[in-house]
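Below is one structure, written out as structure tokens; the observations come after it.
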Amino acid sequence: MRSRLTRPGGGARAAAVTIRRATAGDAGRLTRLVRRSRAYEGPYASMVAGYRVGQDYIEAHEVHVAADGDGRVLGFYALVLEPPELDLMFVADDAQGLGIGRRLIGHLTDRARAAGLDTVRVVAHPPAEGFYRSVGARRTGTVAARPPAVPWDRPELELAVGRGAAVTEREGR
């Protein structure tokens, strides 16, 4: 999947974005993207402290990377097929608001549908719930906190991916 990406403010710089299967060589870059995410600062820091996306994880799951034309990782997701769940999804801080997350969700939807899935469970980072709802996920419950690693409740959502389900992009995104 290839598309063009334009910086906010209509800047002249546009870069091709490709979504591809992650390789073992991506493990370090994905780990750094997770650990450096501003979304997990402050009270959320314990969730990613010491977190590692390893080669074994990449090989065991559907891990896909969005990269620009220079190969820079802009974001990634990990789809667990059994039971179906979006396990990880991160977009680089400087790529936020450029439609990378929507492109990754669209790709995830296609991959899940190809695998014969009808829905994918999403246990969201609380501040990300609005994003998931904007791409069609519906809230199904709450996953209780599990201190010390996860000291807060998290929204549980379901993303329909079966035949007829589609991710729609809003104007301006």
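The values are calculated or read from the model by the stated rules, or taken from the named source; none is laboratory data. No experiment lies behind these values; they were computed from the predicted model shown. Cβ sites come from the backbone with ideal geometry, for glycine too, and all protein chains shown count toward neighbours. Remember, those area values only see protein heavy atoms, side chains included, never the ligands or the DNA or RNA. Shrake-Rupley method; radii C 1.70, N 1.55, O 1.52, S 1.80 Å.
Taken over region 28-54, the criterion of being touching a residue at least 24 places away in the same chain (Cβ under 8 Å) and either among the aliphatic types (A, V, I, L, M) or out of contact with any helix residue (DSSP H, G or I) (no Cβ under 6 Å at 6 or more places or on another chain) (or both) is satisfied by ARG29, LEU30, LEU33, VAL34, ARG36, SER37, ALA39, PRO43, TYR44, SER46, MET47, VAL53.
Which helices (runs of 4 or more DSSP H) sit wholly inside region 31-127 and have at least 3 residues that are of a type in the set (Lys, Arg), at pLDDT 95 or above and touching a Pro at 6+ places or on another chain (Cβ under 7 Å)? Steps first, please.
Values: elements: 45-48, 55-60, 100-114.
Because the criterion is at least 3 residues that are of a type in the set (Lys, Arg), at pLDDT 95 or above and touching a Pro at 6+ places or on another chain (Cβ under 7 Å), no helices (runs of 4 or more DSSP H) in region 31-127 meet it.
Here are some conditions: (1) on the phi > 0 side of the Ramachandran plot; (2) open to solvent by 60 Å² or more (accessible area, probe 1.4 Å); (3) more than 15 Å from the chain's Cα centre (by Cα). GLY71 meets all but one. Which one does it not meet? In the conditions (1) on the phi > 0 side of the Ramachandran plot; (2) open to solvent by 60 Å² or more (accessible area, probe 1.4 Å); (3) more than 15 Å from the chain's Cα centre (by Cα), GLY71 misses (2) alone. For region 82-104, the candidate set comprises residues that are within 17 Å of GLU156 (Cβ to Cβ) and out of contact with any His (no Cβ under 7 Å at 6 or more places or on another chain); within that set, the residue that is surrounded by the fewest Cβ atoms within 10 Å (Cβ to Cβ) is PRO83.
When you look at GLY25, is it free of Cβ contacts under 8 Å to residues at least 12 places away in the same chain and out of contact with any strand residue (DSSP E or B) (no Cβ under 6 Å at 6 or more places or on another chain), yes or no? So GLY25 fits the description; yes.
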